[in-house]
1. Tell me, what % of the accessible area of segment 243-337 is carbon and sulfur with a 1.4 angstrom probe?
2. Which residue, ALA282, ALA313, ALA69, tops the fluctuation ranking in a GNM of the chain built on C-alpha contacts under 10 Å?
3. Quick one: what are the phi-derived ³J(HN,Hα) couplings along segment 268-277, Karplus 6.51/-1.76/1.60 with θ = phi - 60°, whole Hz, x for glycine and proline?
4. Which whole-Hz ³J(HN,Hα) couplings does segment 334-348 yield from phi under the Karplus relation 6.51 cos²θ - 1.76 cosθ + 1.60, θ = phi - 60°, glycine and proline marked x?
5. I'd like the Karplus ³J(HN,Hα) series for segment 5-16: coefficients 6.51, -1.76, 1.60, θ = phi - 60°, whole numbers in Hz, and an x wherever there's a Gly or Pro.
6. What FRET efficiency do you get for ALA254 and GLN194 if R0 is 41 Å and r is their Cβ-Cβ distance, rounded to the nearest 0.05?
7. Arrange the peptides 346-352, 207-213, 58-64 so that the one whose residues have, on average, the most other Cβ atoms within 10 Å appears first.
8. Using only DSSP helix segments of four residues or longer, with each worth -39500 (n - 2.57), what per-residue ellipticity at 222 nm results for the chain after dividing by its residue count and rounding to 500?
Amino acid sequence: MTPLARLLVERIRETGPISVADYMAECLLHPVHGYYITREPFGAAGDFVTAPMISQMFGELFGLALAQAWLDQGAPAPFTLAELGPGRGDLMADALRATRGVPGFHAAVRVVLVEASPRLRQVQAKTLAASGLTPGWLDRVEDLPDRPTFLIANEFLDALPIRQFVLSPEGWRERLVGVVRGDLAFGLSAPLPQPPDAPAFRNAQPGDLVELCAPAQAAVAAALRPILARGGLALFIDYGGWRSQGDTLQALRAHRFDPPLAHPGEADLTAHVDFEPLAALAPAHAYATQGEVLLRLGIEARAAQLARSMTGAQLENHKAALARLTDRDKMGSLFKVLALTRAGAPLPPGFAP
Ligand code: SAH
């Protein structure tokens, strides 16, 4: 049993079962035992690898897409270039390097990183040192300054706590984490007198499980506030789909799926993102798969250019990285990109007209 599991069992014995959202929040961000607080999640020695770590092309192309959106909106100065949950900081570092040649972009940029983990903030500061730009850090998306804002978040929303509800013959019940014979176990609440009112609850069949992520709704609404007031664009990249898809709670440990209750605090815990209710928060949106967007942004041309100076294993890794990011049976179609902006603002590059 992990130290956090012992704490949770004790707490549940004292005060009763907790929601899946409370369980996720404790596992990821508990101040002493939380996964993002204590562990190095990323890379071969960690638990998972993300797109910006697979290839520099990911941050370069999305950085240039944001710079093009900035130009299309009249190159406002100063402006915020924001990232939510930057991890090691690779995406932002690659975006800043790629946009050095965009006239006026670096002179006008204020880099803002929203990061909950003090340890990862230090890693991000190191990664970004070479850019010559000093980022500012915020605890909460709600604190974004009131300026034109061009924002990106890769694999951020999937880390936000979800609640799960099951339609039983007696009505909606919430899925809870309780204790059975000394171990954490899933169970169900009594039927809810008043289930949450969300589109995903309508047309459900008995036995269906629906997930709600109120913190994702809140984060996207907060990201949109400066964009709707002052201009800009937000890009959310994540695995998920257009509508709640049943039970998607998953734990990853050392690059393998792990039962979600098995190692609290020592495994990454995420859920698939339901983009439909997030898109509804903005007056204008575009939605496509990661593969489609990267191909339209010219990843093949960039890959060919980088390949010219590569040989042997490096070249093979580079080719594999391109396939991994874009192929339909790899990250290309599991991952989606949601772009949100003001009504009438130009469609961001990378999306079909
Ligand atoms: N975007 C990065 C890392 C994704 S991991 C990449 O693509 O490699 C998720 C990131 O979100 C981590 O940096 C984690 O510390 C951060 N995070 C998780 N929950 C958060 C919250 N509630 N507020 C702010 N940051 C959070």
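1. Solvent-exposed carbon and sulfur of segment 243-337 make up 51 percent of the total.
2. Looking only at ALA282, ALA313, ALA69, the largest GNM fluctuation is found for ALA313.
3. Rounded to whole hertz, the list is 6, 10, 9, 9, 5, 8, 9, 6, 4, x.
4. 5, 8, 10, 10, 10, 9, 10, 7, 7, 4, x, 5, x, 4, x
5. In residue order, the calculated couplings are 4, 4, 4, 5, 4, 4, 4, 5, 4, 7, 10, x Hz.
6. It comes to 0.45.
7. 58-64, 207-213, 346-352
8. -10500 deg cm²/dmol
The values are calculated or read from the model by the stated rules, or taken from the named source; none is laboratory data. Given the structure is predicted, the values throughout are model-derived calculations rather than measurements. Because the Cβ atoms are built from the backbone with ideal geometry, glycine has one as well, and the counts that use them run over all protein chains shown. Note: accessible area is taken over every heavy atom of the protein model, side chains too, but ligands, DNA and RNA are not part of it. Shrake-Rupley method; radii C 1.70, N 1.55, O 1.52, S 1.80 Å.
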